[in-house]
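Notes follow once the structure below has been shown.
The values are calculated or read from the model by the stated rules, or taken from the named source; none is laboratory data. Keep in mind it's a predicted model, so treat the numbers as computed, not measured. With ideal geometry, Cβ positions are generated from the backbone for all residues, glycine too; neighbour counts draw on all protein chains shown.
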Amino acid sequence: MPTKKNLKYFMRSTEPEIVTAPGPASFKDEDGNVIMFEIKVLSQETITKINNNYRKRTMATDKKGNPLVFNGEVIWKTERDSARASRHMIVEALQYPDLKDPDLMAHYGCVDVTEMPMKVFSRADEFSHVSKIVMAALGLGSDIGTEGDTDEKNLDDAKN
């Protein structure tokens, strides 16, 4: 009879992991230090749900509005708003700054949280930086360089 293998290695904590990473250089505290962002590592289940919320599936139609059929099957078209889904992931992952904070949203005149990353990080370099560090923390981004370091290295350093 084979021995039963121990499964304790797969029993992870249910508490979400929070990592810190430096925000854009344009966000500094009173002492001139770059603000450190707190990023919650989202589960794959959460990431999939967010992506699915920005996916729309409809019947493909011809110019007259008639459904397109191939081999007796209706053809479906899928539209994805991946940019909006990415912004939603940024909002969900960022714990500090909390982009869902009502006062912050009111300050920028936003009612939709997916607008907040573009409002708070309005410069292209700021938005790009935040997007890259959040996606890297979520395991969705590739290695990117900042002055010779990769975000992965920065995140590993921040975790330790």
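Things to note:
- Scan of the stretch 99-137 for residues that are at positive phi and crowded, with 18+ Cβ neighbours inside 10 Å, ordered by number: none
- Under the condition of being surrounded by 12 or more Cβ atoms within 10 Å (Cβ to Cβ), of a type in the set (Gly, Ala, Ser) and out of contact with any Leu (no Cβ under 8 Å at 6 or more places or on another chain), the residues counted in the stretch 9-26 number 3.
- For the stretch 141-160, the candidate set comprises residues that are in a loop (DSSP other than H, G, I, E, B) and loosely packed, with under 14 Cβ neighbours inside 10 Å; within that set, the residue that is modelled with the highest pLDDT is Ser142.
- Some residue of the stretch 7-16 being closer than 21 Å to Asp98 by Cα and touching a strand residue (DSSP E or B) at 6+ places or on another chain (Cβ under 6 Å): yes
- Qualifying residue in the stretch 57-76 (condition: touching a Ser or Thr at 6+ places or on another chain (Cβ under 7 Å) and loosely packed, with under 11 Cβ neighbours inside 10 Å): yes
- Pro102 being at pLDDT 90 or above, touching a Phe, Trp or Tyr at 6+ places or on another chain (Cβ under 7 Å) and farther than 14 Å from Ala21 by Cβ: no
- Scanning the stretch 97-134 for residues that are of a type in the set (Ser, Thr, Tyr) and closer than 19 Å to Thr46 by Cα gives Thr114, Ser131.
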